[in-house]
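Below is one structure; the comments refer to it alone.
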Amino acid sequence: MFYREAGQFKASYQNDQQIFPIRQDQIGFIALMGFLFLVVPFIANQYWLQAVLIPVLIFGLAALGLNILTGYAGQLSLGSAAFMAVGAFGTYNFMLRIDGIPFLVALLLGGLCAAAIGILFGLPSLRIKGFYLAVATLAAQFFIVWVLVKFGWFSNYSSSGVITAQHVNILGVDFRSPEMKYLLTLTVVVVMALLAKNMVRSSTGRKWMAVRDMDVAAEVIGIRLMRTKLQAFAISSFYCGVAGALYAYMYLGTVEPEGFNLDMSFRILFMIIIGGVGSIMGSFIGAAFIVLLPVFLNVAFHSTIGAYVPADLASNLELIIFGALIIFFLIVEPHGLARLWQLTKEKLRLWPFPH
Amino acid sequence: MAREFGDVIIDLQNISLRFGGVKALTDISFNVREHEIRAIIGPNGAGKSSMLNVINGVYHPQEGKIIFHGQERQKMEPYEAASQGIARTFQNIALFKGMTVLDNIMTGRNLMMKTNFLHHALFWGKAQREEIEHRKKVEEVIEFLEIQSIRKTPVGRLPYGLQKRVELARALAAEPNLLLLDEPMAGMNVEEKQDMCRFILDVNDQFGTTIVLIEHDMGVVMDISDRVVVLDYGKKIGDGPPDEVKNDPKVIDAYLGTSH
Amino acid sequence: MTFFLEVLIGGLLSGVLYALVALGFVLIFKASGVFNFAQGAMVFFAALTFVGFTEVLPGWTGLAPGSGAVFWLAFILALSSMIVLGIATERVVLRPLVNQAPITLFMVTIGLTFFIEGVAQGIWGSHVRRLDLGIEDVPVMFLLDNFDMMISQFDVIAAVLALVMFVALAVMFQYTKVGRALRAVADDHQAALSVGIPLKHIWAIVWSVAGFVALIAGLIWGARNGVQFALTFTALKALPVLILGGFTSVPGAIIGGLIIGASEKVAEVYLGPYVGGGIEGWFPYILAMLFLLVRPEGLFGEKHIDRV
Ligand SMILES: Nc1ncnc2c1ncn2[C@@H]1O[C@H](COP(=O)(O)OP(=O)(O)O)[C@@H](O)[C@H]1O
Ligand SMILES: [Mg+2]
């Protein structure tokens, strides 16, 4: 069976609006989900689950959050990590202070805290656009981390703000093992990614993109800039917040505010530039790329030189490669790896008869 | 062609607009009647676009009154103008470059959509029904403007003439009662111009939409407009039916006489 | 009162340095409309390259370490590196992106930031360096004796140096052909061409001048706090400076720098103790953010209405 839509006619607008209009894509997606949910937990070892898959999923979710704001609504943010911190510390405090609160509820509330803070720091976007906003989001980055460090209440008065995530138990099922953590993370991430996909393909997403592409025209057709931008800020921060909570509860277990630093915000930005600005799938491709790059570097070095890279050199090499890739992608393929994947599919659609 | 027009739907009184030291509009008054095609002409920089921007709230004049549907309106934001049924196109195409033709036109209906982002996130029931319902309307517009074959194309890839048409489609999707068109035929070849003229007349005819039109091509203006306002250096120097304006010595002096 | 003045003057003096970095931003923004996030990285690169050369030159040339000859040779080599870096950036990175959205240009300079930082540390190493300009960091005796005020001699000399630089640049803008062309570019690219200098040359010159400014800022800062990665964070504070002063105004950069420098010090000293200190890290950004809400066009900018 060739990859194409031949013979698949869309009889209704409803069919035309599906996420995967081509049947092969639907099958591909279901197969991928089957693999991730049913096969991976059994074949992946602890290293793969804990050091690769879980962080890729979590950073993918954070990148998706940033992509909603930057890729779809066109508002640049350099403070994603701070909103992750809000989500992590928010969830921690709900778990700590409300007896018997279900984890998923605390997660949701943590995300909502991030959304509220996101709206606050999004306020200047009403008066300015594009990169001017970078300064407001830097304010969020530095201020939020500072608050979490200085005010002990947020970390239940532990030293330098370190928090240790409580154990997660949902309806009697314990989420301690890497497999269980992976499955929970995967579930949350897949659900949220689908919700995001639905938003961006409907009127909500069209409004964001309208504001991104031409704000005056958007306003003239009746889109309220303020409401739309703040909504994007809120939803984006919500996604980052949930990602931050998962980062604390499903990935590291112990986190401190300083861990959610500017460098992390930049990394998340790089994920969307490399993966694909304005692409849901690109967020995850970018996250996988950035998380795996150091691993690749080490493997590459080990196999050629026979030694691991000194940490110092590795980190500088990483800086150089990140920087060069950002420049490369913005110049050569501004829609990132996701676009390359799409182009491959389009080629495939024509294959083997390219005309 | 003696056509009958309804009441004045928008009345502009003594409008003045400045940008710093630049006087874009000085003491301009004119009105637009229901169902007419009202042209604004004048050399570059005369203030024509600014006039449209004042009508739909993009620019706020320092002086003057605007009476819309019999009500004097206060300082108004563009989205409020939109919700009162004013739609427009722009001199320099202002489409949403990253979106397809279909999505661009769908945004034109945003004010009529009642579902919120939570509905959209679930994309089930109400949200989906609404999306389909509006899609049908949009398909009507697409058919009307004969752009079926490009509905899934990203607008950035379209030739200039078609982009202009998509922009008109987006404005029409809002089912406006007042349509402002800023040089809809600029940069088009004769054939494209003829198409555009036909669409404008059809819109006016079939939907009864009132149209304010900025156009440089005097042939077109004479053909399709009912009344013409002439601006020069931000001042009104003529107002009336095309034939009358064409023969007004002041207008000939300032505009028609000189090449622009 | 004396103490307040000390704090204020200390803040103003460090504000001069923020202004110096902001000036690099302004130059490039005016000439090419690019918001060069990498200006901070350029400062770091310049300082590190200078120190690096002072370390290796004695070995290469046999000159005495710490001698004037080494200093000037290192200075010239660092400056040349900055010019090469600037011109390469303009050619390789920015020219292919002409006419792209400002946000894309901004993001590409973030990539550039990482690249420059990686290269600088890759060549010269990542450890903290001392940079000695031969100016001692002691109080100005005159002020200490007469007014009982502790003002660092180093800061004063640094500020004077920076001011000389501002004046020199202002003169260049006002009276040279390049300066006129540059001002014309900021207004209108077409007009600039009619002055008779090709845009490409202007960009090359501007990037070189921005490199020079970065080097001076890097030297002063490096001498004060050591040459280290943290420099890039300090340089970030040029962003709030620009929000206050406007992105295209040289006097705006200076006044914005002074305001940010002074207010963050005063806030730290008088407000810090109540909230546990460390507010210098975010104060300029929050200040800029509030400012954006009230006056997004900056102190000197004109209100801009999008043309449609
Ligand atoms: N947003 C704006 N900011 C500053 N000046 C403007 C703006 N819009 C228009 N102008 C000025 O107002 C005058 C009229 O412009 P415009 O209405 O575009 O003329 P026209 O459409 O007749 O060519 C011009 O001098 C123009 O420079
Ligand atoms: Mg015009």
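Residues in the range C:139-153 carry Karplus couplings, in order, of x, 6, 4, 4, 5, 5, 5, 8, 10, 6, 10, 9, 10, 5, 4 Hz; the curve used is 6.51 cos²θ - 1.76 cosθ + 1.60 with θ = phi - 60°, and Gly or Pro positions show x. Once the Cα-Cα distance is subtracted from the 0.36 nm per residue extended length, the A:Val216 to A:Asn298 segment shows a gain of 24.6 nm. Close amide H contacts of B:Leu180 (hydrogens built in the peptide plane, cut-off under 5 Å, sequence separation of 5 or more or a different chain): B:Ala87, B:Arg88, B:Thr89, B:Val212. With helices as the sole contributors, chain A gives -21000 deg cm²/dmol at 222 nm; each DSSP H run of n ≥ 4 counts as -39500 (n - 2.57), and the sum is divided by every residue.
In this structure, C:Ile123 and A:Thr254 have a Cβ-Cβ separation that, at R0 = 41 Å, corresponds to a calculated FRET efficiency of about 0.70. Whole-Hz Karplus values for the range A:72-87 come out as 9, 8, x, 10, 6, 10, 10, x, 4, 4, 5, 6, 4, 4, 4, x Hz, taken residue by residue from phi with 6.51 cos²θ - 1.76 cosθ + 1.60 and θ = phi - 60°; glycine and proline positions read x. Counts of other chain beta carbons within 10 angstrom of each beta carbon in peptide C:280-286 average 6.
Summarising the label geometry, the points placed 7 Å from Cα in the beta-carbon direction at C:Lys200 and A:Glu346 lie 3.2 nm from one another. Going from the residue with the fewest nearby Cβ atoms within 10 Å to the one with the most, C:Tyr18, A:Tyr72 rank A:Tyr72, C:Tyr18.
The separation of the range C:258-306 from the range C:42-112, counted between C-alpha centres, amounts to 30 Å. Sparse packing (at most 14 other Cβ atoms within 10 Å of the Cβ) combined with a DSSP loop state is found for the following trypsin sites (Lys or Arg not before Pro) in the range B:1-106: B:Arg3, B:Lys75. Result for chain A in a Gaussian network model with C-alpha springs under 10 Å: among A:Ser236, A:Ser77, A:Ser158, the largest mean-square fluctuation is at A:Ser158.
Normalised by the number of residues in the range B:104-245, the average gap of Cα pairs under 8 Å and 6 or more apart makes the relative contact order 20 percent. Remark: mean inter-chain Cβ contacts per residue of A:312-319 equal 5, using a 10 Å Cβ-Cβ cutoff to other protein chain atoms.
Inter-chain neighbour count for B:120-130: the average number of beta-carbon atoms from partner chains within 10 Å of each residue's beta-carbon is 4.
Estimate the FRET efficiency between C:Leu271 and C:Val84 by the formula 1/(1 + (r/R0)^6), using the beta-carbon distance for r and 41 Å for R0, to the nearest 0.05.
Plugging the Cβ-Cβ distance into 1/(1 + (r/R0)^6) gives 0.40.
Looking only at B:Leu17, B:Leu111, B:Leu162, which one moves most when chain B is put into a Gaussian network model with springs between Cα atoms under 10 Å? In this elastic network of chain B, the residue with the biggest mean-square fluctuation among B:Leu17, B:Leu111, B:Leu162 is B:Leu111. Note on A:Ile30 and A:Ile170: the extension gain reaches 47.8 nm, defined as 0.36 nm multiplied by sequence separation minus the Cα-Cα distance. With a ≥ b ≥ c the root eigenvalues of the C-alpha gyration tensor of the range A:147-245, is it rounded (a/c under 1.5), prolate (a/b larger than b/c) or oblate? Verdict is oblate for the range A:147-245.
Summarising the amide proton neighbourhood of B:Tyr59: residues at separation of 5 or more, or on other chains, whose placed amide H is nearer than 5 Å comprise B:Val54. Placing a label point 7 Å from the Cα of A:Tyr13 along the Cα-to-Cβ direction, the residues of the range B:109-132 with a backbone N closer than 19 Å are B:109-117, B:119-132.
Restricting the GluC sites (Glu not before Pro) of the range C:55-157 to loop positions (DSSP other than H, G, I, E, B) with no more than 16 neighbouring Cβ atoms within 10 Å leaves C:Glu136.
Measuring r between the beta carbons of C:Leu5 and A:Phe37 and using R0 = 60 Å, the FRET efficiency lands at 0.35.
Ordered by the count of other Cβ atoms within 10 Å of each Cβ, fewest first, C:Asp145, A:Asp215 give C:Asp145, A:Asp215. Exceedance of the 29 Å cut-off in Cα-Cα distance is limited, within the set A:Lys197/A:Lys229; A:Lys207/B:Lys75; B:Lys65/B:Lys97; A:Lys181/A:Lys229, to B:Lys65/B:Lys97; A:Lys181/A:Lys229.
Under 19 Å from a point 7 Å along the Cα-to-Cβ line of B:Asn116: which residues of the range A:204-232 have their amide N that close? Residues A:204-208, A:223-232 qualify, since their backbone N sits under 19 Å from the label point. If exposed chymotrypsin sites (Phe, Trp or Tyr not before Pro) are those in a DSSP loop with at most 16 other Cβ within 10 Å, what is the longest stretch of chain B that has none? Counting at most 16 other Cβ atoms within 10 Å as exposed, the longest clean stretch of chain B is B:6-123. Placing a label point 7 Å from the Cα of B:Asp202 along the Cα-to-Cβ direction, the residues of the range B:156-186 whose backbone N falls under 12 Å from that point are B:169.
For n ≥ 4 DSSP H runs only, could you compute -39500 (n - 2.57) per run for chain C, divide by its residues and tell me the 222 nm figure to the nearest 500?
Dividing the helical sum by the residues of chain C leaves -24000 deg cm²/dmol.
Each residue of the range B:14-25 was assigned a 3J(HN,Hα) from its phi angle through the Karplus expression (A = 6.51, B = -1.76, C = 1.60, θ = phi - 60°), giving 6, 7, 10, 9, 10, 10, x, x, 7, 8, 7, 9 Hz with x at Gly and Pro.
Largest first and in whole Å, give the semi-axes of the protein assembly as shown's equivalent ellipsoid, each being the square root of 5 times a Cα gyration tensor eigenvalue. Kindly include the intermediate steps, with their values, before the conclusion.
Details: eigenvalues 491, 306, 138 Å².
Result for the protein assembly as shown: semi-axes of 50, 39, 26 Å.
Before anything else, pin down the relative contact order of chain A: Cα pairs under 8 Å, at least 6 apart, normalised by residue count, whole percent. Across chain A, relative contact order equals 28 percent.
Taken together, the values in this text are just the output of simple stated rules run on the coordinates, not laboratory data. Every value quoted in this text rests on a predicted model; they were computed, and no experiment measured them. Positions of Cβ are backbone-derived with ideal geometry, glycine not excepted, and every protein chain shown enters the neighbour counts.
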